[in-house]
Amino acid sequence: MKAVARWILLVLLVVLSGCATTPKLEKRREERSAAYSSLSPELRALVDQGRIKVGMPMDAVYIAWGKPSQTVEGESSQGPITTWLYYGTAYEEYRFWNYHPFYPYGAYYSSGPYLDRDYIPRNYVQAEVTFQNGLVTSWRKLPRPP
């Protein structure tokens, strides 16, 4: 019985480890296959995990994280820089007073006021990557707003 349980566990681990890459990552990897194949094995392993690091080329970041939401050009003391911004969406709660109208027998009545709520989507900068000469010089992930 224990052997069967171990066998099932082993099969599950193999199946789940094979699902490590997402279809979007696969598509980006195929789209930039020449850039992906030119990466070192260390950088390729990071890209496959959806991770980035300083010194990585732009194509590797594109494969790992996807197309940026916005690109910003600038300049530092070392020369021109490019910053990729990735947006996320947070839902902000909006509270307001509301009434429940009802129409029995053709007359208009309303219940007493009650506190209602709605949620408004708000975009925020989720991550940013700064490049100089086509290589990552810094990156950071930002927290979701409260």
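With helices as the sole contributors, the chain gives -9000 deg cm²/dmol at 222 nm; each DSSP H run of n ≥ 4 counts as -39500 (n - 2.57), and the sum is divided by every residue.
Each of H100, F131, A60 was scored by the projection of its Cα onto the charge dipole of the chain, and the greatest displacement toward the positive side belongs to A60; charges sit on the C-beta of Lys, Arg, Asp and Glu.
Backbone geometry of segment 74-86 corresponds, through the Karplus equation with coefficients 6.51, -1.76 and 1.60 at θ = phi - 60°, to 3J(HN,Hα) couplings of x, 8, 10, 5, 8, x, x, 10, 10, 10, 9, 10, 10 Hz, x marking Gly and Pro. Charge dipole (Cα centre; +1 on Lys/Arg Cβ, -1 on Asp/Glu Cβ; no other charges) of segment 21-141 amounts to roughly 240 debye.
Stretching the chain fully between R51 and S77 yields a gain of 6.6 nm (0.36 nm per residue, less the alpha carbon separation).
Listed from fewest to most Cβ neighbours within 10 Å, the set I81, I52 follows the order I81, I52. Annotation: the residues W97, W139, sorted from fewest to most other C-beta atoms within 10 Å of their own C-beta, follow the order W97, W139. 3J(HN,Hα) along segment 133-141: 6, x, 10, 5, 9, 7, 7, 7, 9 Hz, from the Karplus curve 6.51 cos²θ - 1.76 cosθ + 1.60 with θ = phi - 60°, whole Hz, x for Gly and Pro.
For the chain, rounded, prolate or oblate, judged on the Cα gyration tensor with a ≥ b ≥ c (square roots of eigenvalues), a/c < 1.5 rounded, else prolate if a/b > b/c?
On the way: a/c = 3.55, a/b = 1.48, b/c = 2.40.
Oblate.
Taking other C-beta atoms within 10 angstrom as a stand-in for reagent exposure, V136, V129 fall in the order V136, V129, fewest first.
Segment 44-64 to segment 82-119: how many Å between their Cα centroids? Centre-to-centre (Cα) distance: 42 Å.
Only the coordinates and a few stated rules stand behind these numbers; no lab work does. The structure displayed is predicted, hence computed values, not measured ones. Cβ coordinates were reconstructed from backbone atoms using ideal geometry, including for glycine residues, and neighbour counts include every protein chain displayed.
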